[in-house]
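Data first, discussion second: the structure below is written as C-alpha coordinates.
The values are calculated or read from the model by the stated rules, or taken from the named source; none is laboratory data. Note that the structure is predicted; figures quoted are calculated from it, not measured. Positions of Cβ are generated from backbone atoms using ideal geometry, with glycine treated the same way; all protein chains shown enter the neighbour counts. Calculation scope for accessible area: heavy atoms of the full protein, side chains included, ligands and nucleic acids excluded. Shrake-Rupley method; radii C 1.70, N 1.55, O 1.52, S 1.80 Å.
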Amino acid sequence: MQKNTPPRSTIRLTRRGRIALVATGAVVVGTAVAVPLLTLAPEEDGRPTTLVIPEGWRASQVYAAVDKALALPAGSTKKALAKAALKLPNDAEGNPEGYLFPATYPLQEKATPEKLLALMVDTANEKFNGAPIAAGAQRNAMNVYQAVTIASIVQAEAATRADMGKVARVIFNRLERGMPLQMDSTLNYALNRSTLRTTASDTRIDSPYNSYQRMGLPPTPIDNPGEEAMRAAVNPPPGDWLYFVTVRPGDTRFTADYREHTRNVAEFNAHQKSRGERP
(Lines give C-alpha, C1' and ligand atoms only; values in the text may rest on other atoms or scores of the structure.)
Protein backbone atom coordinates (compact mmCIF):
# COMPACT_ATOMS: atom_id res chain seq x y z
CA MET A 1 0.00 0.00 0.00
CA GLN A 2 1.34 3.41 -0.93
CA LYS A 3 1.79 5.52 2.19
CA ASN A 4 3.08 8.75 0.69
CA THR A 5 1.96 10.85 -2.20
CA PRO A 6 4.40 11.35 -5.09
CA PRO A 7 5.71 14.88 -5.59
CA ARG A 8 2.92 17.31 -6.46
CA SER A 9 4.62 18.05 -9.75
CA THR A 10 3.95 14.50 -10.92
CA ILE A 11 0.35 13.72 -10.06
CA ARG A 12 -3.03 15.38 -10.00
CA LEU A 13 -6.59 14.20 -9.61
CA THR A 14 -9.11 15.47 -12.11
CA ARG A 15 -12.86 15.74 -12.33
CA ARG A 16 -14.81 12.65 -13.33
CA GLY A 17 -12.18 10.55 -11.57
CA ARG A 18 -9.33 11.13 -14.00
CA ILE A 19 -5.76 11.40 -12.79
CA ALA A 20 -3.31 13.08 -15.11
CA LEU A 21 0.46 13.20 -14.92
CA VAL A 22 2.24 16.51 -15.22
CA ALA A 23 5.63 15.79 -16.70
CA THR A 24 8.01 17.90 -18.77
CA GLY A 25 5.34 20.58 -18.97
CA ALA A 26 2.66 18.37 -20.55
CA VAL A 27 -0.74 18.20 -18.88
CA VAL A 28 -3.60 15.86 -19.69
CA VAL A 29 -6.69 17.90 -20.43
CA GLY A 30 -10.02 16.66 -19.13
CA THR A 31 -13.37 16.80 -20.81
CA ALA A 32 -15.81 19.66 -20.64
CA VAL A 33 -18.03 19.70 -17.57
CA ALA A 34 -21.55 18.71 -18.49
CA VAL A 35 -23.94 21.42 -17.29
CA PRO A 36 -27.61 20.36 -17.19
CA LEU A 37 -30.10 22.70 -18.77
CA LEU A 38 -32.58 24.55 -16.61
CA THR A 39 -35.88 22.68 -16.63
CA LEU A 40 -39.11 24.61 -16.27
CA ALA A 41 -42.52 22.97 -16.57
CA PRO A 42 -44.89 25.51 -18.19
CA GLU A 43 -48.58 26.03 -17.66
CA GLU A 44 -50.87 26.58 -20.60
CA ASP A 45 -50.23 30.32 -20.40
CA GLY A 46 -46.48 29.70 -20.61
CA ARG A 47 -45.70 30.54 -16.99
CA PRO A 48 -43.47 27.87 -15.40
CA THR A 49 -44.99 25.95 -12.49
CA THR A 50 -41.92 24.04 -11.31
CA LEU A 51 -38.19 24.53 -11.19
CA VAL A 52 -35.81 21.56 -11.41
CA ILE A 53 -32.39 21.94 -9.74
CA PRO A 54 -30.07 19.14 -10.98
CA GLU A 55 -27.53 17.38 -8.80
CA GLY A 56 -24.13 19.04 -8.83
CA TRP A 57 -25.20 22.56 -9.71
CA ARG A 58 -23.22 25.30 -8.02
CA ALA A 59 -24.97 28.03 -6.07
CA SER A 60 -24.25 30.51 -8.86
CA GLN A 61 -26.16 28.29 -11.31
CA VAL A 62 -29.08 28.00 -8.90
CA TYR A 63 -29.24 31.77 -8.49
CA ALA A 64 -29.34 32.25 -12.26
CA ALA A 65 -32.05 29.58 -12.59
CA VAL A 66 -34.25 31.26 -9.99
CA ASP A 67 -33.79 34.63 -11.69
CA LYS A 68 -34.89 33.09 -14.97
CA ALA A 69 -37.82 31.19 -13.49
CA LEU A 70 -39.19 34.28 -11.77
CA ALA A 71 -38.35 36.60 -14.68
CA LEU A 72 -36.11 38.74 -12.51
CA PRO A 73 -33.05 40.79 -13.49
CA ALA A 74 -29.79 38.84 -13.35
CA GLY A 75 -28.29 38.95 -9.88
CA SER A 76 -31.59 39.40 -8.04
CA THR A 77 -31.53 36.06 -6.26
CA LYS A 78 -27.95 36.45 -5.09
CA LYS A 79 -28.81 39.86 -3.68
CA ALA A 80 -31.78 38.34 -1.87
CA LEU A 81 -29.49 36.15 0.24
CA ALA A 82 -29.01 38.90 2.79
CA LYS A 83 -32.69 38.92 3.73
CA ALA A 84 -33.53 35.27 3.15
CA ALA A 85 -32.80 34.21 6.76
CA LEU A 86 -31.62 30.78 5.64
CA LYS A 87 -31.25 28.09 8.32
CA LEU A 88 -27.64 27.18 7.56
CA PRO A 89 -25.11 25.51 9.86
CA ASN A 90 -22.70 27.85 11.62
CA ASP A 91 -19.79 26.47 9.60
CA ALA A 92 -21.41 27.77 6.41
CA GLU A 93 -21.05 31.39 7.58
CA GLY A 94 -24.07 32.40 5.51
CA ASN A 95 -22.92 30.69 2.30
CA PRO A 96 -25.64 28.25 1.09
CA GLU A 97 -23.32 26.31 -1.24
CA GLY A 98 -24.04 22.62 -0.65
CA TYR A 99 -27.46 23.30 0.91
CA LEU A 100 -29.46 24.29 -2.17
CA PHE A 101 -30.80 20.78 -2.42
CA PRO A 102 -31.31 19.40 -5.93
CA ALA A 103 -34.99 18.64 -6.44
CA THR A 104 -38.14 19.79 -8.24
CA TYR A 105 -39.65 22.85 -6.59
CA PRO A 106 -43.13 24.31 -7.13
CA LEU A 107 -43.33 27.88 -8.33
CA GLN A 108 -46.28 29.39 -6.52
CA GLU A 109 -47.90 32.53 -7.87
CA LYS A 110 -46.25 34.61 -5.15
CA ALA A 111 -42.88 32.85 -5.27
CA THR A 112 -39.86 34.96 -4.36
CA PRO A 113 -36.13 34.24 -4.37
CA GLU A 114 -36.14 34.26 -0.58
CA LYS A 115 -38.93 31.66 -0.37
CA LEU A 116 -37.35 29.39 -2.98
CA LEU A 117 -33.91 29.52 -1.38
CA ALA A 118 -35.40 28.86 2.05
CA LEU A 119 -37.32 25.87 0.68
CA MET A 120 -34.12 24.44 -0.82
CA VAL A 121 -32.18 24.87 2.43
CA ASP A 122 -35.03 23.47 4.53
CA THR A 123 -35.13 20.44 2.22
CA ALA A 124 -31.38 19.97 2.61
CA ASN A 125 -31.62 20.16 6.40
CA GLU A 126 -34.43 17.60 6.38
CA LYS A 127 -32.32 15.25 4.24
CA PHE A 128 -28.98 15.80 5.99
CA ASN A 129 -29.80 16.18 9.67
CA GLY A 130 -31.70 12.93 10.17
CA ALA A 131 -30.60 9.33 9.97
CA PRO A 132 -28.74 7.93 8.14
CA ILE A 133 -26.72 10.98 7.03
CA ALA A 134 -26.13 12.61 10.41
CA ALA A 135 -25.42 9.26 12.03
CA GLY A 136 -23.06 8.31 9.23
CA ALA A 137 -21.18 11.58 9.57
CA GLN A 138 -20.79 11.05 13.31
CA ARG A 139 -19.63 7.49 12.75
CA ASN A 140 -16.84 8.85 10.53
CA ALA A 141 -15.82 11.46 13.12
CA MET A 142 -17.02 14.47 11.14
CA ASN A 143 -19.91 16.88 11.26
CA VAL A 144 -22.67 17.10 8.66
CA TYR A 145 -21.14 20.14 6.98
CA GLN A 146 -17.89 18.25 6.37
CA ALA A 147 -19.92 15.34 4.99
CA VAL A 148 -21.69 17.71 2.57
CA THR A 149 -18.30 19.06 1.48
CA ILE A 150 -17.02 15.55 0.75
CA ALA A 151 -20.26 14.71 -1.05
CA SER A 152 -19.89 17.78 -3.25
CA ILE A 153 -16.45 16.58 -4.38
CA VAL A 154 -17.80 13.07 -4.96
CA GLN A 155 -20.63 14.55 -7.04
CA ALA A 156 -18.12 16.44 -9.19
CA GLU A 157 -15.53 13.68 -9.53
CA ALA A 158 -17.43 10.40 -9.92
CA ALA A 159 -18.04 9.31 -13.50
CA THR A 160 -21.04 7.19 -12.47
CA ARG A 161 -23.16 6.62 -9.39
CA ALA A 162 -21.48 3.23 -9.02
CA ASP A 163 -18.11 5.02 -8.61
CA MET A 164 -19.29 7.45 -5.93
CA GLY A 165 -18.48 5.25 -2.96
CA LYS A 166 -14.97 4.49 -4.21
CA VAL A 167 -14.26 8.17 -4.86
CA ALA A 168 -15.39 8.94 -1.31
CA ARG A 169 -13.05 6.24 -0.01
CA VAL A 170 -10.13 7.77 -1.93
CA ILE A 171 -10.90 11.10 -0.23
CA PHE A 172 -10.98 9.49 3.22
CA ASN A 173 -7.80 7.53 2.59
CA ARG A 174 -5.92 10.61 1.46
CA LEU A 175 -7.14 12.67 4.40
CA GLU A 176 -6.17 9.93 6.85
CA ARG A 177 -2.67 9.70 5.37
CA GLY A 178 -2.10 13.45 5.37
CA MET A 179 -2.03 13.55 1.56
CA PRO A 180 -3.38 16.53 -0.40
CA LEU A 181 -6.61 15.73 -2.21
CA GLN A 182 -5.33 17.17 -5.51
CA MET A 183 -8.79 17.38 -7.08
CA ASP A 184 -9.32 19.39 -10.23
CA SER A 185 -12.95 19.89 -9.27
CA THR A 186 -11.86 22.17 -6.43
CA LEU A 187 -9.64 24.12 -8.82
CA ASN A 188 -12.54 24.56 -11.21
CA TYR A 189 -14.59 25.98 -8.38
CA ALA A 190 -11.84 28.41 -7.45
CA LEU A 191 -11.51 29.50 -11.09
CA ASN A 192 -15.30 29.70 -11.60
CA ARG A 193 -15.23 27.61 -14.74
CA SER A 194 -16.96 24.57 -16.13
CA THR A 195 -14.45 23.42 -18.75
CA LEU A 196 -11.35 21.48 -17.77
CA ARG A 197 -8.23 22.97 -19.25
CA THR A 198 -6.07 22.47 -16.19
CA THR A 199 -2.45 23.47 -16.43
CA ALA A 200 0.46 23.20 -14.05
CA SER A 201 0.11 26.92 -13.31
CA ASP A 202 -3.54 26.36 -12.31
CA THR A 203 -2.33 24.05 -9.56
CA ARG A 204 -0.32 26.92 -8.08
CA ILE A 205 -3.15 29.45 -7.75
CA ASP A 206 -3.53 31.15 -4.38
CA SER A 207 -6.93 29.94 -3.24
CA PRO A 208 -8.30 28.07 -0.21
CA TYR A 209 -9.92 25.75 -2.80
CA ASN A 210 -6.56 24.76 -4.27
CA SER A 211 -6.39 21.17 -3.02
CA TYR A 212 -2.90 20.83 -4.52
CA GLN A 213 -1.43 23.48 -2.26
CA ARG A 214 -3.78 23.20 0.73
CA MET A 215 -4.22 20.18 2.95
CA GLY A 216 -7.58 18.87 4.06
CA LEU A 217 -11.03 19.71 2.74
CA PRO A 218 -11.89 22.96 0.95
CA PRO A 219 -13.54 25.55 3.22
CA THR A 220 -17.03 25.00 1.75
CA PRO A 221 -18.79 22.52 -0.52
CA ILE A 222 -18.07 23.09 -4.22
CA ASP A 223 -21.58 22.29 -5.49
CA ASN A 224 -24.93 21.03 -4.28
CA PRO A 225 -24.78 17.23 -4.03
CA GLY A 226 -27.67 14.81 -4.34
CA GLU A 227 -28.68 11.96 -2.08
CA GLU A 228 -26.50 9.32 -3.77
CA ALA A 229 -23.36 11.40 -3.26
CA MET A 230 -24.33 12.09 0.35
CA ARG A 231 -24.81 8.41 1.07
CA ALA A 232 -21.42 7.68 -0.48
CA ALA A 233 -19.78 10.38 1.64
CA VAL A 234 -20.96 8.92 4.94
CA ASN A 235 -20.80 5.23 4.06
CA PRO A 236 -18.00 4.55 1.55
CA PRO A 237 -17.07 0.94 0.89
CA PRO A 238 -13.87 -0.44 2.44
CA GLY A 239 -10.79 -0.19 0.26
CA ASP A 240 -7.20 1.06 0.22
CA TRP A 241 -7.49 3.09 -3.01
CA LEU A 242 -5.49 6.30 -3.30
CA TYR A 243 -5.73 6.94 -7.06
CA PHE A 244 -8.34 6.63 -9.77
CA VAL A 245 -8.52 7.25 -13.48
CA THR A 246 -11.29 6.92 -16.05
CA VAL A 247 -9.40 5.28 -18.90
CA ARG A 248 -12.47 5.42 -21.13
CA PRO A 249 -16.21 5.86 -20.50
CA GLY A 250 -17.39 3.09 -18.22
CA ASP A 251 -13.84 2.05 -17.25
CA THR A 252 -12.72 3.82 -14.08
CA ARG A 253 -9.82 2.11 -12.30
CA PHE A 254 -9.04 2.52 -8.63
CA THR A 255 -5.76 1.45 -7.06
CA ALA A 256 -3.46 1.93 -4.08
CA ASP A 257 -0.37 1.19 -6.17
CA TYR A 258 1.16 4.25 -7.79
CA ARG A 259 3.02 2.21 -10.42
CA GLU A 260 -0.18 0.46 -11.44
CA HIS A 261 -1.84 3.82 -11.58
CA THR A 262 0.81 5.27 -13.89
CA ARG A 263 0.17 2.36 -16.26
CA ASN A 264 -3.53 3.14 -16.17
CA VAL A 265 -2.80 6.79 -16.89
CA ALA A 266 -0.59 5.80 -19.82
CA GLU A 267 -3.50 3.79 -21.20
CA PHE A 268 -5.79 6.77 -20.70
CA ASN A 269 -3.36 9.01 -22.57
CA ALA A 270 -3.08 6.48 -25.41
CA HIS A 271 -6.87 6.29 -25.65
CA GLN A 272 -7.15 10.07 -25.78
CA LYS A 273 -4.49 10.21 -28.48
CA SER A 274 -6.26 7.54 -30.56
CA ARG A 275 -9.37 9.70 -30.49
CA GLY A 276 -7.39 12.67 -31.70
CA GLU A 277 -7.79 14.56 -28.45
CA ARG A 278 -5.16 16.89 -27.15
CA PRO A 279 -2.84 15.10 -24.64
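Numbers below:
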{"quantity": "Scan of the range 225-257 for residues that are under 24 Å from the mean Cα position of the chain (by Cα) and either of a type in the set (D, E) or part of a helix (DSSP H, G or I) (or both), ordered by number", "calculated": "E227, E228, A229, M230, R231, A232, A233, V234, D240, D251"}
{"quantity": "Unmet criterion (only one of (1) touching a helix residue (DSSP H, G or I) at 6+ places or on another chain (Cβ under 6 Å); (2) surrounded by fewer than 23 Cβ atoms within 10 Å (Cβ to Cβ); (3) outside any helix (DSSP H, G or I)) for G178", "calculated": "(1)"}
{"quantity": "Test for S185: is it in contact with a helix residue (DSSP H, G or I) (Cβ under 9 Å, 6 or more places away or on another chain), among the hydroxyl-bearing types (S, T, Y) and surrounded by 23 or more Cβ atoms within 10 Å (Cβ to Cβ)", "calculated": "yes"}
{"quantity": "Odd one out for T49 among (1) open to solvent by 80 Å² or more (accessible area, probe 1.4 Å); (2) modelled with pLDDT under 95", "calculated": "(1)"}
{"quantity": "From the options D67, D91, residue that is within 19 Å of the chain's Cα centre (by Cα) and charged (D, E, K, R)", "calculated": "D91"}
{"quantity": "Hits in the range 221-259 - residues which are farther than 28 Å from V144 by Cβ, touching a His at 6+ places or on another chain (Cβ under 9 Å) and hydrophobic (A, V, I, L, M, F, W, C)", "calculated": "V245, V247"}
{"quantity": "Scope the range 49-87; condition among the basic types (K, R), in a loop (DSSP other than H, G, I, E, B) and over 19 Å from I150 (Cα atoms); matching residues", "calculated": "K87"}
{"quantity": "Residue ID - surrounded by the fewest Cβ atoms within 10 Å (Cβ to Cβ), chosen from residues in the range 136-166 that are without any contact (Cβ under 8 Å) to a residue 40 or more places away in the chain and in a helix (DSSP H, G or I)", "calculated": "A162"}
{"quantity": "Test: residue in the range 22-31 that is at pLDDT below 95, loosely packed, with under 15 Cβ neighbours inside 10 Å and outside any strand (DSSP E or B)", "calculated": "yes"}
{"quantity": "Scope the range 261-279; condition in a helix (DSSP H, G or I), within 26 Å of the chain's Cα centre (by Cα) and either at pLDDT 90 or above or among the acidic types (D, E) (or both); matching residues", "calculated": "H261, T262, N264, A266, E267"}
{"quantity": "Lone qualifier among R214, R197 - being surrounded by fewer than 19 Cβ atoms within 10 Å (Cβ to Cβ), in a loop (DSSP other than H, G, I, E, B) and modelled with pLDDT under 95", "calculated": "R197"}
{"quantity": "Residue identified as at pLDDT 95 or above and either open to solvent by 10 Å² or more (accessible area, probe 1.4 Å) or touching a Lys or Arg at 6+ places or on another chain (Cβ under 6 Å) (or both) among P225, P237", "calculated": "P237"}
{"quantity": "Residues (touching a residue at least 24 places away in the same chain (Cβ under 8 Å) and either in contact with an Asp or Glu (Cβ under 6 Å, 6 or more places away or on another chain) or under 10 Å from I222 (Cβ atoms) (or both)) located in the range 167-192", "calculated": "V167, M183, S185, T186, L187, N188, Y189"}
{"quantity": "Any pair with Cβ under 8 angstrom, 6 or more apart, that starts in the range 88-115 at a residue that is under 25 Å from Y189 (Cα atoms) and in a loop (DSSP other than H, G, I, E, B) and ends at one that is of a type in the set (G, A, S) and open to solvent by 50 Å² or more (accessible area, probe 1.4 Å)", "calculated": "L88/G94"}
{"quantity": "Single unsatisfied condition, K83 versus (1) surrounded by 13 or more Cβ atoms within 10 Å (Cβ to Cβ); (2) modelled with pLDDT under 95; (3) farther than 26 Å from R193 by Cα", "calculated": "(1)"}
{"quantity": "Any chance L117 is touching a helix residue (DSSP H, G or I) at 6+ places or on another chain (Cβ under 6 Å), surrounded by 23 or more Cβ atoms within 10 Å (Cβ to Cβ), under 24 Å from T50 (Cα atoms) and not polar (S, T, N, Q)", "calculated": "no"}
